[in-house]
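Please read the structure below before turning to the comments.
The values are calculated or read from the model by the stated rules, or taken from the named source; none is laboratory data. Since the structure is predicted, the reported quantities are computational estimates derived from the model, not experimental observations. Note that we place each Cβ from the backbone using ideal geometry, even for glycine, and neighbour counts take in every protein chain shown.
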Amino acid sequence: MVFFEICLYKKVCFSTGIYGYLLNYASDYAKENILKKITYKEKCTILANDFLLKNLIYKKYKIKYSEDDIITNEFGKPFFRKRIGCHFNFSHNKKYSVVVVGKEIVGVDIEDIENIKKETHRLFVSDYDYVDKNNMRLSLCKLWTAKESYCKALGCGLNVSLKDIQVIKKRNNFKIIHGEKNQKWIIKNIILSNNIVIAVCSNKSFLLKYDEINMREYILNIMSNNKSLV
């Protein structure tokens, strides 16, 4: 059985001291992405994701990676060089960011239920998708995040038709069917109390270890104890 560790935190703007500390440890990938962002909060989120990823990888697998060990594919998906032997993915919405790490291919997506409109379901729902008509908005949000997390796991972004991706329900599990090989990808959801849905997707059966952290306190604790693992 595969285990994935997933951490959620509320986005925050850091002081210049914390920002400089994170920038000092940032990967080349993070530094390049900072240059593409406009707002200070977006830049802080990139640095926080990068810092959290490094510490999770070390804490879980005792693996350290260098500044150039994160590369991207033709669609812009970040991943580790093969020598690292781990996988990760990021996602965010307006208020939160989420990081997932593990030993197998993984994708993650987070979305607010209120952002999924019933009238837009024809853009991404196939005739074979499982839809719970008793809770349509939640069901549609689960479908959207399932398909997004699958595309992110594949590393293809939204360069495939979401209507060609089928989400089926077997017992209490959701699975993705896509393409001629019909390889089944597993989907698991985390439903937050503030109407936010997180979907995690992998091509292996897996369990999740979920945690919510205060990112500012997380960083300050590492700084004050001089125990950075990065």
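Some observations on this one:
- Subset of segment 15-38 [loosely packed, with under 13 Cβ neighbours inside 10 Å and over 16 Å from LYS77 (Cα atoms)]: SER15, THR16, GLY17, GLY20, ASN24, LEU35, ILE38
- Elements of type strands (runs of 3 or more DSSP E) contained in segment 72-166, each with 3 or more residues being modelled with pLDDT of 95 or more and either of a type in the set (A, V, I, L, M) or surrounded by 19 or more Cβ atoms within 10 Å (Cβ to Cβ) (or both): 87-92, 96-102, 107-112
- Flag for ILE191 being crowded, with 16+ Cβ neighbours inside 10 Å, more than 21 Å from THR120 (Cα to Cα), in contact with a strand residue (DSSP E or B) (Cβ under 7 Å, 6 or more places away or on another chain) and of a type in the set (Val, Ile, Thr): no
- When restricted to residues that are touching a strand residue (DSSP E or B) at 6+ places or on another chain (Cβ under 8 Å), of a type outside the set (D, E, K, R) and either not in a loop (DSSP other than H, G, I, E, B) or not assigned by TED's automatic domain parsing to the domain that holds LYS77 (or both), segment 14-29 contains 1.
- Some residue of segment 57-74 being in the same structural domain as PHE174 (by TED's automatic domain parsing) and closer than 24 Å to LEU207 by Cβ: no
- Candidates LYS41, LYS59, LYS54, filtered to the one that is among the basic types (Lys, Arg), part of a helix (DSSP H, G or I) and either over 23 Å from ILE213 (Cα atoms) or modelled with pLDDT of 95 or more (or both): LYS41
- Every condition in (1) under 25 Å from LEU22 (Cβ atoms); (2) of a type in the set (D, E, K, R); (3) in contact (Cβ under 8 Å) with a residue 60 or more places away in the chain holds for GLU104 except the one numbered (1).
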